Amino acid sequence: MKLYLMSFLIVLTGFQLFLEWKYLKNAKEHVITIVQLLLALVIMYNVDYFI
């Protein structure tokens, strides 16, 4: 289940990342999205250790 949710998060955030990179040329908003994705994946992967 965790793997399914992580892959779903990657697909959704990857789509958002692509749109930000494609249409916001001068802004660096896609870097913030990458950091948020990596942080969310690390937290989701290690959620068992936090509880």
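Among residues of the stretch 1-28 that are on the phi < 0 side of the Ramachandran plot, those with a Cβ under 9 angstrom from a residue that is surrounded by fewer than 10 Cβ atoms within 10 Å (Cβ to Cβ) and not basic (Lys, Arg), sequence gap 6+ or separate chain, pair up as LYS2/ASP48.
To keep it simple, each residue is scored yes or no on (1) surrounded by fewer than 10 Cβ atoms within 10 Å (Cβ to Cβ); (2) under 8 Å from the mean Cα position of the chain (by Cα); (3) not in a helix (DSSP H, G or I).
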{"residue": "TYR4", "(1), (2), (3)": "yes, no, no"}
{"residue": "PHE8", "(1), (2), (3)": "no, no, no"}
{"residue": "PHE18", "(1), (2), (3)": "no, no, no"}
{"residue": "LYS22", "(1), (2), (3)": "yes, no, no"}
{"residue": "ASN26", "(1), (2), (3)": "yes, no, yes"}
{"residue": "ILE32", "(1), (2), (3)": "no, no, no"}
{"residue": "LEU38", "(1), (2), (3)": "no, yes, no"}
{"residue": "VAL42", "(1), (2), (3)": "no, no, no"}
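Values quoted throughout were computed directly from the atomic coordinates according to the rules given, and no laboratory measurement underlies them. Keep in mind that this is a model prediction, so the values were computed, not measured. Using ideal geometry, Cβ is built from the backbone for each residue, glycine included, and neighbour counts are taken over all protein chains shown.
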